[in-house]
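What follows is one structure encoded as structure tokens, with my remarks underneath.
Quick note: the coordinates plus some simple rules give every number you see, no bench work behind them. Since the structure is predicted, the reported quantities are computational estimates derived from the model, not experimental observations. When we count neighbours, we look across all protein chains shown, and the Cβ atoms used for this are built from the backbone with ideal geometry, even at glycine.
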Amino acid sequence: MKLRTVFLLLVLGVIAAFSALNWSAFITPTTLSLGLAEVQAPLGVIMLGVVGFLTAFFLVFVVYVQASALFDSRRHAQELQVNRELADKAEASRFTELRRFLEAELQKLAGRGTGSTVASNPAILARLDQLEEKLLTAVEQSGNSLAACIGELEDRLERKEEQLPSQGQKSAS
């Protein structure tokens, strides 16, 4: 139970115990003024009646509020379910539309690919021939320059070998 409910039940229990312990004072008639007239009635019983009436009134009010909240939550849940179904249908239609669009685009691409191959386009073939010739020329030039560099290094090594024995003879004598 919630703390409020326990507190309310505790207060009602204390009122009931107090009324039971002082019942003789509660039922003692007294003169009560109603503004225009005076009446002989037990004040304690009237006050207990008012407390009982207020308690019953608030219990009915709480039940009404709880029932309204329950009905509202059910109504909102139903509206939410309807909106969720609408969103799912809209999303499904978007996916279907996207699938159709992609299939159409893929068919267009497939149609382009079979109609214009590289072998059937003479401009592309001529350009590929030019690029191949340039590549062969560049490879040949690179090979020639590499051979020249290697030849130059060989010449340097041969000169160094010729100089080394003559230096070795000078230091020995």
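Taken about its Cα centre, region 10-97 carries a charge dipole of roughly 140 debye when the Cβ of each Lys and Arg holds +1 and the Cβ of each Asp and Glu holds -1.
For the chain, averaging the sequence separation of C-alpha pairs within contact (under 8 Å, six or more residues apart) and dividing by the residue count gives a relative contact order of 7 percent. Our coupling estimate for region 4-9, obtained by passing each phi through the Karplus curve with A = 6.51, B = -1.76, C = 1.60 and θ = phi - 60°, is 5, 5, 4, 5, 4, 5 Hz, Gly and Pro reported as x. Annotation: amide H-H contacts under 5 Å for LEU32 (H modelled 1.01 Å from N, sequence separation of 5 or more, or interchain): VAL39, GLN40, ALA41.
One quarter of the convex hull surface built on the alpha carbon atoms of region 121-166 amounts to 2.6 nm², the projected area averaged over directions.
With the charge dipole of the chain set up from +1 on Lys and Arg Cβ and -1 on Asp and Glu Cβ about the Cα centre, the Cα lying farthest toward the positive end among the listed residues ALA77, SER142, SER19 is that of SER19.
Karplus-derived 3J(HN,Hα) values for region 42-56, using 6.51 cos²θ - 1.76 cosθ + 1.60 with θ = phi - 60°, are x, 5, x, 5, 5, 5, 5, x, 4, 4, x, 4, 5, 4, 5 Hz; glycine and proline are entered as x.
Among residues other than VAL62 with Cβ under 15 Å from its Cβ, the summed charge is +2 (Lys and Arg +1, Asp and Glu -1).
What the phi angles of region 96-102 give under the Karplus curve with 6.51, -1.76 and 1.60, with θ = phi - 60°, is a coupling list of 5, 5, 5, 4, 4, 4, 5 Hz, glycine and proline written as x. Is the shape of the chain rounded, prolate or oblate, going by the alpha carbon gyration tensor and its root eigenvalues a ≥ b ≥ c, with a/c under 1.5 for rounded and a/b larger than b/c for prolate? Judged from the Cα gyration tensor, the chain comes out oblate (a/c at least 1.5, b/c at or above a/b). Compute a Gaussian network model of the chain, connecting alpha carbons closer than 10 Å, and tell me which residue from SER68, SER145, SER93 fluctuates the most. Most flexible of the set in this elastic network: SER145. Highest mean first, the peptides 22-30, 151-159 sorted by other C-beta atoms within 10 Å per residue fall in the order 22-30, 151-159. Mean separation of Cα pairs under 8 Å and 6 or more residues apart, divided by the residue count, gives region 10-97 a relative contact order of 14 percent. Computed per residue of the chain from DSSP H runs no shorter than four, each worth -39500 (n - 2.57), the mean residue ellipticity at 222 nm is -31000 deg cm²/dmol.
Measure nothing fancy, just the Cα-based angle from helix 122-172's long axis to the longest principal axis of the chain, in degrees from 0 to 90, nearest 10. Result, in degrees: 60.
As an equivalent ellipsoid, region 14-85 spans semi-axes of 48, 15, 5 angstrom, where each value is the square root of five times an eigenvalue of the C-alpha gyration tensor, largest first. Note on the chain: with charges restricted to the Cβ of Lys and Arg (+1) and Asp and Glu (-1), its dipole about the Cα centre is near 1100 debye.
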